[in-house]
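Following: one structure in structure tokens, then a few remarks.
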Amino acid sequence: MNEELWRKGAGELARLIREGEVSSTEVVTAHLARIEAVNPELNAITVVLAEQALAAANQADRHIAAGADLGPLHGVPVTVKENVDVAGTATTQGVPALADAVAEVDAPVVERLRAAGAIIIGRTNLPDLALRIATESSLRGITRNPWHRDRTAGGSSGGEGSAIAAGMSPLGIGNDIGESLRNPAHCCGISSLKPTTGRIPHATVVEPVDGPLSHQLMNVEGLMARTVADVRLGYEIASGADPRDPFSVPAPLSFPDAANRTKVALIAEPPGGATDPGVAEVVRQAGTHLANAGYEVEEVAPPEYEAVLDLWRNFLVTELRIMQPMLDQLMGRDGKQFLFAVLDAAPPNDLAGYVGLFAHRRRLQRAWARFFRDYPLVLSPIWAQPAFAHGWDAATSANSLSALELLRPVMPANALGLPAAATTGGFAAGMPVGVQIIAPAFRDDTALAAAEVIQTAVGVHTPIDPYVNQ
């Protein structure tokens, strides 16, 4: 069984270790061997913490032998994106200028997973400053998708997506301001949760410690795994208030009606652009799976959908324009080509317009809250197109704008601070297609429950060997 340990999920591995069927050392060794076997091809894991991980596994095994209390992830290896602080390693943000930006302490989410017994086995790749929907770093290079060597793994948590899909890690930490937990789930065929803003604390000791307002309101830390069950496990461990993040709150993890079948608004072809027919069909089939399980599914869009997309774009673009001189110094060529094409095409915003975004956001949040009273869940694609070829998004300005268009289904959850669970709904053009379930604020539990229904119907298709289906 030891040769197959890398195929198992985080929850199952924790059970096997807890019950003495395998040791943590065996589990960590199996994952290190898997990394050695497939990471050179995929470039998903940028730093392998083999020595530290094996030492931690040995200590975990001693704790079991001594009869110590065990956390829910005792002895289980996990990976962490390189823009999340892990004590003693660099929070590089994917750029050469931060290659030596070593964090002295863990981020809250890392601290909580360690307290639950998890072992950090490696750091994962991301695009420059996490500002691209494909994972190509000027410091670390391109991360490849295990489904197809020429297709993107998504971004910005693409290293996590590729590593988890290929069996190098059973659970990973990423983040999401408009894509980054869900895009790799779509491209790589795994699951994730963009939690409600404030659900999981975010903090760093690497400057800027306090980011711009758009990041404070829209960026979240989250978990990625092959199964929704493992995402839920990580979410339950990582959630809760922390004094390092003033926005974080001690909200309940679930409510008594979490598993109730309810009404679902299905958006197979989101307003604001074109949708690949194969993607739309996958979303409709996911709706059928929910209907078969007792949900009431209706094709209807939430109010002012395109206005919410404009809100997200205007909020980010206004702040990124202010930071453009700094970004120009830090980012590599392709990252700048993508980002600056988006900035150049957006209409300018003055101070009055920027301030007005906050009142506009509150009005849209109120409109969606009313909609949720009738349709407590919203089912849609993650991307409106299958995973694209490496470099396509930065090849021309037109491609950069097309990439922003295909990204539009993920924007509402960030713009309005809502939870969105992601899982694979099926396949189109030989690539996995992710679907997401958006829920009202702090109803992450209902989003996860619906995603698990879809996953049960569709099945789990990872881990896979790189390019085995090509």
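The values are calculated or read from the model by the stated rules, or taken from the named source; none is laboratory data. Here the structure is a predicted model, which is why all the values come from computation and not from measurement. Don't worry about glycine lacking a Cβ; one is built from the backbone with ideal geometry, like all the others, and counts go over all protein chains shown.
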Check on SER248, in contact with a strand residue (DSSP E or B) (Cβ under 6 Å, 6 or more places away or on another chain) and assigned to a loop (DSSP other than H, G, I, E, B): yes
Tally of residues being surrounded by 15 or more Cβ atoms within 10 Å (Cβ to Cβ) and out of contact with any strand residue (DSSP E or B) (no Cβ under 9 Å at 6 or more places or on another chain) across the stretch 273-292: 1
Flag for ILE35 being at pLDDT 95 or above, crowded, with 20+ Cβ neighbours inside 10 Å and in contact with a Gly (Cβ under 6 Å, 6 or more places away or on another chain): no
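Going by the conditions given, is VAL80 assigned to a strand (DSSP E or B), closer than 13 Å to ASN125 by Cβ and in contact with a strand residue (DSSP E or B) (Cβ under 9 Å, 6 or more places away or on another chain)? Give the derivation first.
Details: assigned to a strand (DSSP E or B): yes; closer than 13 Å to ASN125 by Cβ: yes; in contact with a strand residue (DSSP E or B) (Cβ under 9 Å, 6 or more places away or on another chain): yes.
So VAL80 fits the description; yes.
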Residue check for ALA241: surrounded by 14 or more Cβ atoms within 10 Å (Cβ to Cβ), within 30 Å of ALA115 (Cα to Cα) and modelled with pLDDT under 95: no
Selected residue (criterion: farthest from ALA258 (Cα to Cα)) from residues of the stretch 433-470 that are part of a loop (DSSP other than H, G, I, E, B) and of a type in the set (S, T, N, Q): GLN470
Failed item in (1) farther than 14 Å from VAL264 by Cα; (2) surrounded by fewer than 22 Cβ atoms within 10 Å (Cβ to Cβ); (3) not β-branched (Val, Ile, Thr), with LEU407 passing the rest: (2)
Residues being aliphatic (A, V, I, L, M) and crowded, with 20+ Cβ neighbours inside 10 Å - total across the stretch 296-316: 5
Enumeration of residues in the stretch 102-113 that are surrounded by 18 or more Cβ atoms within 10 Å (Cβ to Cβ) and either basic (Lys, Arg) or over 14 Å from GLY75 (Cα atoms) (or both): ALA103, ASP106, ALA107, PRO108, VAL109, VAL110, GLU111, ARG112
